[in-house]
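Engineer: Attaching a single structure in structure tokens format; questions to follow.
Nothing in this text is a laboratory measurement; each read-out follows from the coordinates by a stated rule. Only a predicted model underlies this, so the values are computations on that prediction, with no experimental measurement involved. For neighbour counting, all protein chains shown are included, and Cβ atoms are generated from backbone atoms with ideal geometry for every residue, glycine included.
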Amino acid sequence: MNELLQQLTEAIGVSSREKEVRILIRDLIEDHVDEWHVDTMGNLIALKRGTGQSDLRVMVDAHMDEVGLMITGADAQGMLKFEKLGGIDDRALLGKVVQVGPKKIIGVIGAKPIHLLTGSQYTSIVKHSAMRIDIGAKNKDAALGKAKIGATAAFLTAYEESGNTAIGKAFDDRVGCAVLIELLRADPYPFDLYAAFTVQEEVGLRGAQVAAYGINPDAAFVLESTPAYDMPNEEDASPNVSLGKGPAIYVMDSRTIQNPRLVSYITRTAADLDIPFQFRQPGGGGTNTGAIQRLRGGIPSATIAVPGRYMHTPAMMINLQDYAHVVQLTRAVLGGFTQDVIKRN
Ligand SMILES: [Zn+2]
């Protein structure tokens with residue numbers, strides 16, 4: 001069992017409430033960094049000093065937050081109303097167990113039993129605004145006494161492994177956090193490495209923007225989990241990325257065209273070391289690169305991701321070999337990184 005992934009995914013950290021994850025990561029990295037601090041937004045920023053060979057400042061980002069829900073009220077029956085934090089498909093919500101607020105009160109997103117459905121109810125999609133979280137409260141006051149407005153709720157999923165496959169919640173982006181922790185546990189790099197464990201990515205790349213502005217790096221790498229859609233299709237659609245085929249390298253998404261020099265450097269490094277890799281199908285979605293790239297005078301940035309199925313649901317799936325390859329690749333990418341890689345002519 002990969003204990004690091006288990007600890008990181010079972011911890012809760014819905015956007016804006018990342019404290020539990022932050023404290024866990026702080027304890028895991030403290031002995032491997034020279035300094036760390038938490039900024040006003042809640043980003044955990046750690047400095048691992050380099051060997052002195054290079055005076056570059058390199059930032060590596062992974063976001064701590066996960067998608068979840070925020071309590072917005074309760075009805076007379078004692079059922080909690082909620083809003084979504086981050087992109088969650090309403091169809092992934094019904095019947096799921098959640099943990100509400102800092103005390104982790106267990107609730108279930110209620111659903112009408114199939115026995116009682118009639119007519120079009122079998123085929124229509126229930127909107128999240130019509131759903132409630134049931135924590136077993138008997139009326140409105142009892143419900144709001146236990147879960148205040150503004151409290152957040154996270155999915156409840158135990159981490160499991162089966163062979164090379166791992167299943168759990170919040171691999172987006174705790175798997176990126178795990179890679180970044182592994183990078184900090186290695187020997188120093190030629191330059192100062194700024195590890196940014198950022199907040200509020202799922203609600204619009206908010207933490208990374210502040211973190212990168214503060215760090216003011218010469219280049220940034222973003223570690224992510226990217227949606228794999230490699231199940232059998234009815235049409236002949238090419239998969240976004242596939243599980244088990246190695247690190248996914250971003251080229252373009254809805255917010256960025258990744259720095260082409262960095263992309264070719266990353267792929268060259270992978271090829272040199274015989275690490276399998278795949279390009280993430282250019283298209284929609286976005287990562288913290290979208291926020292970092294256009295800060296200050298521009299920061300060369302690129303994203304490397306671990307493919308994950310069933311993103312933003314209570315049960316994601318990753319391949320542990322892909323994870324190991326992302327660790328290996330990013331270590332090599334940092335190890336060989338020089339000013340020449342990003343120099344434009
Ligand atoms: Zn993510």
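Engineer: Sort 107-114, 60-67 by the packing proxy (mean of other Cβ within 10 Å over each peptide's residues), most packed first.
Structural biologist: Working: 107-114: 15.2, 60-67: 29.1.
Ranked from most to least packed, the peptides come out as 60-67, 107-114.
Engineer: A further question follows. Treating the Cα atoms of segment 68-155 as identical point scatterers in vacuum, please give the log10 of the normalised Debye intensity I(q)/I(0) at q = 0.10, 0.16, 0.21 Å⁻¹, two decimals.
Structural biologist: Those come out to -0.24, -0.59, -0.96, one per q.
Engineer: Determine the dipole magnitude for segment 68-155: charges of +1 sit on the beta-carbon of Lys and Arg, -1 on that of Asp and Glu, nothing else is charged, the reference point is the Cα centre, and the result goes in debye to the nearest 20.
Structural biologist: Working: 13 positive and 6 negative charges, 40 e Å.
Using Cβ point charges on Lys, Arg, Asp and Glu, segment 68-155 gives about 180 debye.
Engineer: Okay, moving on. Taking R0 as 41 Å, what's the FRET efficiency between residue 274 and residue 19 from their Cβ-Cβ distance, rounded to 0.05? Could you put the intermediate results ahead of the total?
Structural biologist: Details: r = 41 Å, r/R0 = 0.99.
In this case the efficiency is close to 0.50.
Engineer: Calculate the translational D of segment 5-77 in whole µm² s⁻¹ from Stokes-Einstein, where the hydrodynamic radius comes from the Kirkwood formula applied to all Cα pairs, the temperature is 37 °C and the viscosity 0.692 mPa s. Working shown, then result.
Structural biologist: Values: Rh = 14.7 Å.
Taking Rh from Cα pairs, D becomes 224 µm²/s.
Engineer: Distance between the C-alpha centers of segment 84-121 and segment 162-177? Whole Å please.
Structural biologist: Answer, in whole Å: 22.
Engineer: What is the spin-label model distance, in nm, from residue 161 to residue 103 if the labels are put 7 Å beyond Cα along the C-beta direction?
Structural biologist: 3.6
Engineer: Also, quick follow-up: Residue 332: net charge of surrounding residues, Cβ under 14 Å, Lys/Arg +1, Asp/Glu -1, itself excluded? Write down the numbers at each step before the final one.
Structural biologist: On the way: positive: 268, 331; negative: 182, 187, 272, 274.
Taking every Cβ under 14 Å from that of residue 332, the sum is -2.
Engineer: Please state the shape class of segment 147-189: rounded when a/c is under 1.5, otherwise prolate if a/b exceeds b/c and oblate if not, all from the C-alpha gyration tensor.
Structural biologist: Working: a/c = 4.40, a/b = 1.48, b/c = 2.97.
Oblate is the answer for segment 147-189, as a/c is 1.5 or above yet b/c matches or exceeds a/b.
Engineer: Positive end of the charge dipole of the chain (Lys, Arg +1 and Asp, Glu -1 on Cβ, about the Cα centre): tell me which of 240, 11, 179 has its Cα farthest that way.
Structural biologist: Looking along the dipole axis, the top candidate is 11.
Engineer: Net charge around residue 342, counting only other residues with Cβ within less than 11 Å of its Cβ (Lys, Arg = +1; Asp, Glu = -1)? Write down the numbers at each step before the final one.
Structural biologist: Working: positive: 261, 343, 344; negative: 218, 340.
That works out to +1.
Engineer: Let me ask something else about it. Given Cα positions, please report Rg to Rh for the chain, the hydrodynamic radius being the Kirkwood one.
Structural biologist: Values: Rg = 20.8 Å, Rh = 20.9 Å.
My calculation of the ratio gives 1.00.
Engineer: Next up: Looking at the chain as a GNM with Cα springs under 10 Å, which of 15, 129, 242 has the largest mean-square fluctuation?
Structural biologist: 129
Engineer: Points 7 angstrom from Cα along the Cβ direction at residue 123 and residue 321: gap in nanometres?
Structural biologist: 4.3
Engineer: Based on the Cβ-Cβ distance of residue 36 and residue 187, what FRET efficiency does E = 1/(1 + (r/R0)^6) give at R0 = 25 Å, to the nearest 0.05? Numbers along the way, then the final one.
Structural biologist: Details: r = 18 Å, r/R0 = 0.74.
Computed FRET efficiency for residue 36 and residue 187: 0.85.
Engineer: Please order 250, 213, 122, 265 by the number of other Cβ within 10 Å, starting at the fewest. Could the numbers behind the result be given before it?
Structural biologist: Working: 250 28, 213 14, 122 8, 265 20.
Exposure proxy ranking, most exposed first: 122, 213, 265, 250.
Engineer: With a sphere of radius 9 Å drawn around the Cβ of residue 285, what net charge do the other residues whose Cβ falls strictly inside it have (Lys, Arg +1; Asp, Glu -1)? Intermediate results must be reported in sequence, preceding the final value.
Structural biologist: On the way: positive: 255, 280; negative: 253.
Value of the local net charge: +1.
Engineer: Report relative contact order for the chain in percent, whole number only (criteria: Cα-Cα under 8 Å, sequence separation at least 6). Don't skip to the end; give the middle numbers.
Structural biologist: Values: 801 pairs, mean separation 78.2, N = 345.
RCO, the chain: 23 percent.
Engineer: Which of the residue pairs 48/84; 48/96; 81/169 have a Cα-Cα distance greater than 29 Å in the structure shown? Walk me through the numbers before you get to the answer.
Structural biologist: Working: 48/84 36 Å; 48/96 40 Å; 81/169 22 Å.
Listed pairs above 29 Å: 48/84; 48/96.
Engineer: Tell me, what is the percent relative contact order of segment 233-345, built from C-alpha pairs under 8 Å that lie six or more residues apart?
Structural biologist: On the way: 158 pairs, mean separation 38.6, N = 113.
Computed over segment 233-345, the figure is 34 percent.
Engineer: Rounded to the nearest 20 Debye, what is the dipole magnitude of segment 1-106 about its Cα centre when Lys and Arg each give +1 and Asp and Glu each give -1 at the C-beta?
Structural biologist: Values: 13 positive and 18 negative charges, 71 e Å.
Dipole about the Cα centre, nearest 20: 340 debye.
Engineer: Does segment 77-118 come out rounded, prolate or oblate by the C-alpha gyration tensor, with a ≥ b ≥ c the root eigenvalues, rounded set by a/c under 1.5 and, if not, prolate when a/b is larger than b/c and oblate if not?
Structural biologist: Numbers: a/c = 2.21, a/b = 1.41, b/c = 1.57.
The shape class here is oblate.
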